[in-house]
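As structure tokens, the structure follows; a few thoughts come after it.
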Amino acid sequence: MSQPPESVPEDAISAPIAASPDANLTAQHPLFDFRRPDRISKAQLRAIHNLHETFARNLGASLSAYLRAYLTASIVSVKQLPYHEFSAGLASPTCLISLGLQPYEGNAVMELNPAVIFPMIELLLGGGGRQPVTITREITEIELKLLQSLFRIMLQDLQGAWRTVVNLEFAIEAVETETQSFRVLAPQEAVVAIGIEIRIGEVSGMMNLVIPSVILKMMRQKFDQQWMARKVETGPAKRAEILKKIRPGTVRLEATMGAPPISIRDLISLEAGDVLIVDHPGQSQMTLKVNGMRKYHGRVVGAGGKMAFAVESLVRED
């Protein structure tokens with residue numbers, strides 16, 4: 001006959017279970033998500049955001065100079081999503097550009113909304129381009145020829161921003177106006193979409209850049225190297241090098257006494273030998289300015305037959 005199971009003490013039920021060795025490994029290393037192997041890390045996503053902030057700032061300056069109109073560009077969003085979700089939110093027709101990414105195999109996609117494309121064309125033809133337009137037609141071949149110079153400027157600034165991480169060569173491979181006929185990336189392919197708002201006067205429109213996540217994952221080591229290089233650049237050795245370079249520089253020192261106001265009549269009547277009485281006792285503390293900034297407290301003294309300033313304390317700004 002089988003024996004009945006022994007009763008388990010109540011305190012044993014509520015006692016905590018000892019942590020397994022694998023629990024420590026999980027805490028130290030993030031779990032790999034096999035359902036989404038193409039997702040990139042949040043740290044790399046932040047680096048991509050910072051990189052394209054530089055691109056947007058440079059692009060605004062470059063296009064302003066070329067179009068002779070004040071233009072601003074700013075990052076709106078950086079997010080990961082399937083390509084079909086990105087393409088579903090695009091206007092139709094629009095301007096879609098397939099970009100080669102040498103030396104990597106694959107393509108990125110640049111999209112320019114008609115809300116900003118047609119004002120740019122108007123500026124290129126000598127118009128104002130600062131009022132909102134509601135044009136829903138496709139871009140003509142002649143207009144595309146006009147836009148080639150703008151595309152070239154955009155890609156130059158984009159390559160310049162990416163050069164801090166990797167030497168990417170962006171090249172236009174195809175231009176389309178309909179999302180349905182634009183089949184550069186698979187619908188389910190994971191991408192990182194960077195949204196940039198371009199504003200000209202009262203006109204604003206979106207410029208979107210889409211890069212496949214698989215290509216960005218290949219660059220992970222490049223982003224890590226960039227982060228390490230920046231960390232080294234701001235270390236003690238770098239600070240010492242910067243200090244060594246600026247030591248020979250010169251600054252302007254000013255020690256001034258407070259004085260009462262004087263009328264213009266008295267000022268223009270001053271002659272050699274006149275004495276101005278300042279509202280400042282000879283032995284009272286004065287302030288020394290360094291390049292116009294209040295830096296030290298001290299007193300005027302004599303040294304070797306010359307006037308000098310004896311530093312007594314630092315100026316502490318509240």
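Here are some notes:
- Those residues of segment 223-279 which are at pLDDT 80 or above and of a type in the set (Val, Ile, Thr), in sequence order: 242, 246, 250, 251, 262, 264, 268, 275
- Within segment 21-58, considering residues that are modelled with pLDDT of 80 or more and β-branched (Val, Ile, Thr), the one nearest to residue 194 (Cα to Cα): 48
- Residues that are within 22 Å of residue 71 (Cα to Cα), surrounded by fewer than 16 Cβ atoms within 10 Å (Cβ to Cβ) and either outside the structural domain of residue 62 (by TED's automatic domain parsing) or acidic (Asp, Glu) (or both) within segment 120-147 are absent altogether.
- Exactly one residue among 133, 116 is more than 23 Å from residue 50 (Cβ to Cβ), in contact with a Pro (Cβ under 9 Å, 6 or more places away or on another chain) and modelled with pLDDT under 95, and that residue is 133.
- Pair list, Cβ under 6 Å, 6 or more apart: segment 49-75 residue more than 15 Å from residue 151 (Cβ to Cβ), other residue among the polar types (S, T, N, Q): 56/74; 60/72; 70/64; 71/64
The values are calculated or read from the model by the stated rules, or taken from the named source; none is laboratory data. The structure presented is a predicted model; accordingly, all values stated were derived computationally and were not measured. Every residue, glycine among them, receives a Cβ derived from its backbone with ideal geometry; neighbour counts consider all protein chains shown.
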